[in-house]
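Asks: The structure follows.
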Amino acid sequence: MQARWCWTKHSTPRHFLFLSFNSLKRQITQNQTLNLYEKKQMFDQYSSEESPLHSLQATTGQSPPTTATLQIITISAGVEGCLELDGSSSDRTQENAELNPQDAWLPITESRNGNFFTCVFHLLSSGLGFQALLLPLAFSILGWTGGIICLLLASTWQLYTTWVLVHLHEALPGPRCSRFLQLSVASFGPKLGKLLAIFPVMYLSGGTCVILIITGGRTMELFYDTVCGSGASCDAKSLSGTEWLLVFTCVAIIMAQRPNLNSIASVSFIAAITAVGYYSLIWVSTIPKDRLDNMSRDPLQNEKSHMTRVSSIFNAFGIIALSFRGHNLVLEIQGILPSSSKHPSRKTMWRGVLISYLIITICILPLAISGFWAYGNKIPSKIGNISEILQFYTRNASKSIKGLTYMLVLINCLTSFQLFAMVVFDNFELRYISIKNKQCSFWVRTGLRLLFGGLAFLIAVSFPFLPSLASLIGGIALPLTFAYPCFMWISIKKPLKNSFMWCFNFGLGGLGLVLSVLVVAAAVWNLSTKGLHANFFKP
């Protein structure tokens, strides 16, 4: 016979003690002579959070039943559902853990039929972006040894924090933490968790979409100019900067009508292929370059004052740290994978992480080394847009190589937009579901996505210099990658204080916070000394 317990959203978090009905029946038969007071004490012992079995014997004079099967289950508040417990229920704990029906209505968790390949595609699309094109600039500041060591340390550090997030995805009883904000609230509490996570998550998703619009619109213009060539007819037909951004936004939003994260796996595959393609084109094309005039590979050749050199070093740390992205999407990507007690999602996810990181390293390390070898200290240090560094890398390339590079970057911006925008779509629909208590219809979902596209376009047109502030804003969001996962591990896993894992995570998290402060300080110093071309409403 099975024991069944149902609860509602008004239930409070308690530890419930379940016994099989047959054992409970035998015990009641043995205790027919107990008075009402003694029965009340027995019931209180069963329902308390901690009820030692030997206390039952001390109170009632009876021995506790030896055949009873005890199971302790934590039920979180605000979740509705039922648990059916039998002899094999412990094997199905994780399968029954997805108790929130709203997860089936939201784009991130609507489909959990992902696999190893969709996981790799999404990780490559989120982790391999154009921000790593600035790595040769960091090498020109740190030199060969310092640049390679810092790049390897940063990649290892991020790989560890990714491992932490993967293993914390299902570390808590109840629904899986399929969003970074959920894990932050579970780790640090509702107030502090939201305070720490909302801005980084929104910037690394919505802010990345805005930068993709700015970069994609500008790259679309470069591709048109390359294919059409210079001439009066081409100049007359060319669009303005705002119109290029509008064209890119319209195409991106039309592509963004896929229902959920799992359904855009093919789009992420295209994003991964195009990213690997233009990275390979750039670093391969730099190998046969002759040495430039007055070019030096000695670090800090362009910096004169001591304060400027210190600021440049911290800025190089920021470039290397910000060249890795996608931490805000790790839990969301893992959320599309099926999971059970026998086959937890963390195994498939971790294999996908290792493969994707290997491919990312193969792409960015040769680019950093070959770019620094070819250009040295001639790499421009003041870059307002990624399209400017693209023009620098391809200025001596043939027309076909230029056109192919711009086309791959453009396609990558369009396809990467779908992945980062899905987090924003999920947030919008969550607010709608919380108010209406029903699933978004097709028209509501389309309207919300059009609304986001309009807002992102408006921000891109209003602040076309936003990529120039990437180091400043990215430095503020840097703890999401290098610090918060370490503190989450301490909060959830609760290792012994002063143990190795406690000290390691605490020290690594503290170092991540210090790194964030240094990157922000260096970005502020660079803005104050080199200035900012704030071309409002003039993309």
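Asks: Quick one: ILE386 ticks every box in (1) surrounded by 23 or more Cβ atoms within 10 Å (Cβ to Cβ); (2) without any contact (Cβ under 8 Å) to a residue 24 or more places away in the chain except a single one, so which number is it?
Replies: (2)
Asks: Are any of the residues in segment 470-492 surrounded by fewer than 18 Cβ atoms within 10 Å (Cβ to Cβ), at positive phi and either more than 20 Å from the chain's Cα centre (by Cα) or assigned to a helix (DSSP H, G or I) (or both)?
Replies: Checked segment 470-492: no residue is surrounded by fewer than 18 Cβ atoms within 10 Å (Cβ to Cβ), at positive phi and either more than 20 Å from the chain's Cα centre (by Cα) or assigned to a helix (DSSP H, G or I) (or both).
Asks: If ILE319 meets every condition in (1) touching a Phe, Trp or Tyr at 6+ places or on another chain (Cβ under 7 Å); (2) closer than 25 Å to VAL519 by Cβ; (3) of a type in the set (Val, Ile, Thr) apart from one, which number is that one?
Replies: Only one criterion is unmet by ILE319, namely (1).
Asks: Further question: Being open to solvent by less than 10 Å² (accessible area, probe 1.4 Å), part of a helix (DSSP H, G or I) and farther than 23 Å from VAL210 by Cα, is that true of even one residue in segment 416-439?
Replies: Within segment 416-439, one or more residues are open to solvent by less than 10 Å² (accessible area, probe 1.4 Å), part of a helix (DSSP H, G or I) and farther than 23 Å from VAL210 by Cα.
Asks: So which of PHE457, PHE504 is of a type in the set (A, V, I, L, M, F, W, C), within 23 Å of GLY206 (Cα to Cα) and either crowded, with 20+ Cβ neighbours inside 10 Å or more than 22 Å from the chain's Cα centre (by Cα) (or both)?
Replies: Exactly one residue qualifies, and that residue is PHE457.
Asks: With the structure loaded, tell me whether THR348 is polar (S, T, N, Q), assigned to a helix (DSSP H, G or I) and open to solvent by less than 40 Å² (accessible area, probe 1.4 Å) or whether it fails that test.
Replies: The answer is yes for THR348.
Asks: Next question, about the same structure. Could you check TYR432 against (1) without any contact (Cβ under 8 Å) to a residue 60 or more places away in the chain; (2) within 29 Å of SER468 (Cβ to Cβ); (3) touching a Cys at 6+ places or on another chain (Cβ under 6 Å) and say which number it fails?
Replies: With respect to (1) without any contact (Cβ under 8 Å) to a residue 60 or more places away in the chain; (2) within 29 Å of SER468 (Cβ to Cβ); (3) touching a Cys at 6+ places or on another chain (Cβ under 6 Å), TYR432 is out only on (2).
Asks: So, one more: Out of all the residues in segment 332-342, is one or more open to solvent by 30 Å² or more (accessible area, probe 1.4 Å) and out of contact with any Lys or Arg (no Cβ under 9 Å at 6 or more places or on another chain)?
Replies: Within segment 332-342, one or more residues are open to solvent by 30 Å² or more (accessible area, probe 1.4 Å) and out of contact with any Lys or Arg (no Cβ under 9 Å at 6 or more places or on another chain).
Each row is one residue, and each column tells you yes or no for (1) buried (at least 20 other Cβ atoms within 10 Å of the Cβ); (2) touching a residue at least 60 places away in the same chain (Cβ under 8 Å); (3) assigned to a helix (DSSP H, G or I).
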residue: LEU159; (1), (2), (3): no, yes, yes
residue: TRP163; (1), (2), (3): no, yes, yes
residue: ALA171; (1), (2), (3): no, yes, no
residue: GLN182; (1), (2), (3): no, yes, yes
residue: GLY193; (1), (2), (3): yes, no, yes
residue: ALA197; (1), (2), (3): yes, yes, yes
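Asks: Where residues in segment 381-409 are assigned to a loop (DSSP other than H, G, I, E, B) and not small (Gly, Ala, Ser), which of them is farthest from GLY241 (Cα to Cα)?
Replies: ASN396
Asks: Please go through segment 116-140 and give me each residue that is open to solvent by 20 Å² or more (accessible area, probe 1.4 Å) and of a type in the set (A, V, I, L, M, F, W, C), ordered by number.
Replies: Once the filter is applied, which keeps residues that are open to solvent by 20 Å² or more (accessible area, probe 1.4 Å) and of a type in the set (A, V, I, L, M, F, W, C), segment 116-140 yields PHE116, PHE117, PHE121, LEU134.
The values are calculated or read from the model by the stated rules, or taken from the named source; none is laboratory data. All values reported here derive from a predicted model rather than from experimental measurement. Methodologically, a virtual Cβ is constructed for each residue, glycine included, from the backbone with ideal geometry; neighbour enumeration extends over all protein chains shown. These area figures cover heavy atoms from the full protein model, side chains too; ligands, DNA and RNA do not enter into them. Shrake-Rupley method; radii C 1.70, N 1.55, O 1.52, S 1.80 Å.
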